[in-house]
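Report on the following structure.
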Amino acid sequence: METSKSFRMDDFIAGLIGGASSVVVGHPLDTVKTRLQAGTGYKNMLHCILTIYRKETVMGFFKGMSFPLASITIYNSAVFGFFSNTQRLISKYRYGDRRHPCGMMDLTLASMLTGLVSVGLGAPVDLVKIRLQMQTQMVLAENLNLAGSLSSGSNMPLRSIAMPSQSLYRGPIHCISSTLQTEGLQGLYRGAGAMILRDVPGYTLYFIPYTLFCNLLKPDASSKLHPGAIWLAGGLAGSISWVTATPADVVKSRLQADVALQRKYKGIVHCIVHSYRTEGAQVFFRGASVNAIRGFPMSSTMFLTYELSLQFFRSF
């Protein structure tokens, strides 16, 4: 793990550790964000939190967390490892020195490439997470559709077919297999286009503000950054990135929560137009406040754990 090497594994390992810690911190508010964006019947963030708690207890906020905990750790490992190694590669070819500090254009290119690459791994992870988070509402909608079709030509009472406690998916593996059976491989990448629109600018507005804040909070160029400064810079960068990414995130969440049996949206454009016509422009900023609040602790934890892990690995 010498500093001169352009490819380093410690970035990937540190990203893995940071990813695990950020999932534990951010998942409850991620559930609230997903319900606000893709669900129905919630007036605002507080009403959503209280509704989840009353109907599903505290465990409702951690619905679908086992899969992100296992997968997002790998995802963050790939993101941070790829971003750091891409920076070194750019420095090598532009300046002839892998350790040369990247300029703003170099950081922008590395961030955009990271956002693009992240979708390949992140789209199926996000889809499974969102469908597990949304399945209470999905089952309710499916039962209402079934009840409506039966009641039109049958004397069967509606209450006899209502199954509010049933889940569509038994877990992440069952969700993946069900999606593959009903929608094929492309089903796992539903919403990937919207995710590209979210993550390419999103990661640019994630890594660049973090770098700028770190530079501002440094006493001087040669001194080591204080952990508190890393925590603050990471949190601010996370909030900025998530708030600006909210419109694309709304579209992505709706497309991914849109199961094959009750398909509502034909694609990105149809989802945007339909959402605008039925709910107005404000729908694209639904969950923005949750994103701002959730983005801070998630990203501050992510960057702090990542940087401290790197310092630990490189101390040997």
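The values are calculated or read from the model by the stated rules, or taken from the named source; none is laboratory data. As the structure is a prediction and not an experimental result, all values here were calculated from the model. For neighbour counting, all protein chains shown are included, and Cβ atoms are generated from backbone atoms with ideal geometry for every residue, glycine included. Note: areas computed on protein heavy atoms with side chains; ligands, DNA, RNA excluded. Shrake-Rupley method; radii C 1.70, N 1.55, O 1.52, S 1.80 Å.
Of all positions in the stretch 96-109, none carries a residue that is within 21 Å of the chain's Cα centre (by Cα), open to solvent by less than 80 Å² (accessible area, probe 1.4 Å) and modelled with pLDDT under 90.
Determine which member of the set Ser309, Ser315, Ser275 is small (Gly, Ala, Ser), over 16 Å from the mean Cα position of the chain (by Cα) and not in a helix (DSSP H, G or I).
On the way: Ser309 fails: not in a helix (DSSP H, G or I); Ser275 fails: not in a helix (DSSP H, G or I).
Only one candidate passes the filter, namely Ser315.
Of all the criteria given as (1) modelled with pLDDT under 95; (2) open to solvent by 60 Å² or more (accessible area, probe 1.4 Å), the one not satisfied by Glu279 is (2). The set of residues in the stretch 2-57 that are more than 20 Å from Phe303 (Cα to Cα), of a type in the set (D, E, K, R) and under 17 Å from the mean Cα position of the chain (by Cα) comprises Lys33, Arg35. What do you reckon, is Ala288 open to solvent by 30 Å² or more (accessible area, probe 1.4 Å) and under 20 Å from Leu197 (Cα atoms)? Judged against the criteria, Ala288 is not a match. Of all the listed residues (Ile130, Ile196), the sole one being at pLDDT 50 or above, open to solvent by 50 Å² or more (accessible area, probe 1.4 Å) and out of contact with any Pro (no Cβ under 8 Å at 6 or more places or on another chain) is Ile196.
What about Ala110, is it touching a Cys at 6+ places or on another chain (Cβ under 9 Å) and closer than 19 Å to Gly202 by Cα? It is true that Ala110 is touching a Cys at 6+ places or on another chain (Cβ under 9 Å) and closer than 19 Å to Gly202 by Cα.
Per-residue answers, yes or no, for (1) within 21 Å of the chain's Cα centre (by Cα); (2) of a type outside the set (S, T, N, Q):
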residue: Thr179; (1), (2): yes, no
residue: Arg190; (1), (2): yes, yes
residue: Asp199; (1), (2): yes, yes
residue: Leu205; (1), (2): yes, yes
residue: Leu212; (1), (2): no, yes
residue: Leu216; (1), (2): no, yes
residue: Ile240; (1), (2): yes, yes
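The set of residues in the stretch 211-262 being outside any helix (DSSP H, G or I) and either within 19 Å of Thr31 (Cα to Cα) or touching a residue at least 60 places away in the same chain (Cβ under 8 Å) (or both) consists of Leu225, Ala245, Asp258, Val259. With the requirement that a residue be at pLDDT 85 or above, open to solvent by 30 Å² or more (accessible area, probe 1.4 Å) and not acidic (Asp, Glu), what does the stretch 30-58 give you? Correct list: Asn44, Met45, Leu46, His47, Ile49, Leu50, Tyr53, Arg54, Lys55, Thr57, Val58.
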